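The values are calculated or read from the model by the stated rules, or taken from the named source; none is laboratory data. Only a predicted model underlies this, so the values are computations on that prediction, with no experimental measurement involved. Cβ coordinates were reconstructed from backbone atoms using ideal geometry, including for glycine residues, and neighbour counts include every protein chain displayed. Protein only, heavy atoms only, side chains kept; ligands, DNA and RNA dropped before computing areas. Shrake-Rupley method; radii C 1.70, N 1.55, O 1.52, S 1.80 Å.
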Amino acid sequence: MSPGASTHTPRRVLFVCLGNICRSPTAEGVARAVASDRGLDGYVEIDSAGTAGYHTGDPADPRMRSAAAQRGYDLTSRARQVQPEDFHRFDLVVAMDRDNLSDLEDALSRAGTPQTSRARLRLFSDFLPDDAPVDVPDPYYGGPQGFERVLDLIEDGMPRLLEELLQE
Ligand code: 4NP
């Protein structure tokens, strides 16, 4: 993976789930690790947020942090809710499931004219193979395997996502 020749301004990606304590902080942490491994620090800016504000200020869920740490990812973000400015600041806003996408579309139409906003809204599974699930399932109310599944799917899709972000 190599950044396009004209890519001097960083490309900005925002990962979004419901609470911003499980799936999107994991996507943020995995994206940082993949970008760093590939020498892309400075070419990409990575953040995450939730469509809801229940957990604002909280660290990632301890179960998610622990599963991520087993694979070498340090999840350090604090939860925040998506803000109208995010649709202008980020080039790509990636929803972890279809409910998140629908909530983002509603928020985008409340925030202003969709055509004038910079961000493109995508589903994370757009970057996964065709036989992958459409949604990255919410692990919050389930058992430990749900957190592993989140990591599996995010690790699978992240290289292609970063590649496409940089090719735009
Ligand atoms: P996330 O998971 O959207 O992946 O951060 C959830 C975290 C918290 C809640 C739901 C989902 N909650 O209902 O508090």
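Within the set A79, A33, the sole residue that is aliphatic (A, V, I, L, M) and either out of contact with any strand residue (DSSP E or B) (no Cβ under 7 Å at 6 or more places or on another chain) or open to solvent by 50 Å² or more (accessible area, probe 1.4 Å) (or both) turns out to be A33.
Can we say R110 is modelled with pLDDT under 95 and either under 17 Å from the mean Cα position of the chain (by Cα) or basic (K, R) (or both)?
Answer is yes for this residue.
For the range 107-163, the tally of residues that are assigned to a helix (DSSP H, G or I) and without any contact (Cβ under 8 Å) to a residue 40 or more places away in the chain stands at 18.
Among the residues of the range 127-168, the one identified as touching an Asp or Glu at 6+ places or on another chain (Cβ under 8 Å) and at pLDDT below 95 is E168.
Here Y73 fulfils each of the conditions (1) in a helix (DSSP H, G or I); (2) under 21 Å from P139 (Cβ atoms); (3) not β-branched (V, I, T) apart from (1).
Taking the range 1-35 as the range and being modelled with pLDDT of 95 or more and more than 22 Å from H88 (Cα to Cα) as the test, the residues that pass are I21, C22, R23, T26, G29, V30, A33, V34, A35.
With the condition kept exactly as written, say whether any residue in the range 40-52 is hydrophobic (A, V, I, L, M, F, W, C), within 10 Å of the ligand (Cβ to nearest atom) and assigned to a loop (DSSP other than H, G, I, E, B). Yes: one or more hits. Within the range 121-137, one or more residues are within 11 Å of C22 (Cα to Cα) and of a type outside the set (A, V, I, L, M). Annotation note: of D91, D97, the sole residue that is within 13 Å of the ligand (Cβ to nearest atom), under 17 Å from M158 (Cα atoms) and either surrounded by fewer than 17 Cβ atoms within 10 Å (Cβ to Cβ) or touching a residue at least 40 places away in the same chain (Cβ under 8 Å) (or both) is D97.
Answer yes if at least one residue in the range 8-27 is surrounded by 20 or more Cβ atoms within 10 Å (Cβ to Cβ) and without any contact (Cβ under 8 Å) to a residue 40 or more places away in the chain, and no otherwise. Checked against the condition, which is being surrounded by 20 or more Cβ atoms within 10 Å (Cβ to Cβ) and without any contact (Cβ under 8 Å) to a residue 40 or more places away in the chain, the range 8-27 yields no hits at all. The number of residues in the range 37-65 being without any contact (Cβ under 8 Å) to a residue 12 or more places away in the chain and open to solvent by 60 Å² or more (accessible area, probe 1.4 Å) comes to 4. Out of curiosity, is L75 of a type outside the set (K, R) and closer than 22 Å to R120 by Cβ? Considered against the rule, which asks whether it is of a type outside the set (K, R) and closer than 22 Å to R120 by Cβ, L75 comes out as no.
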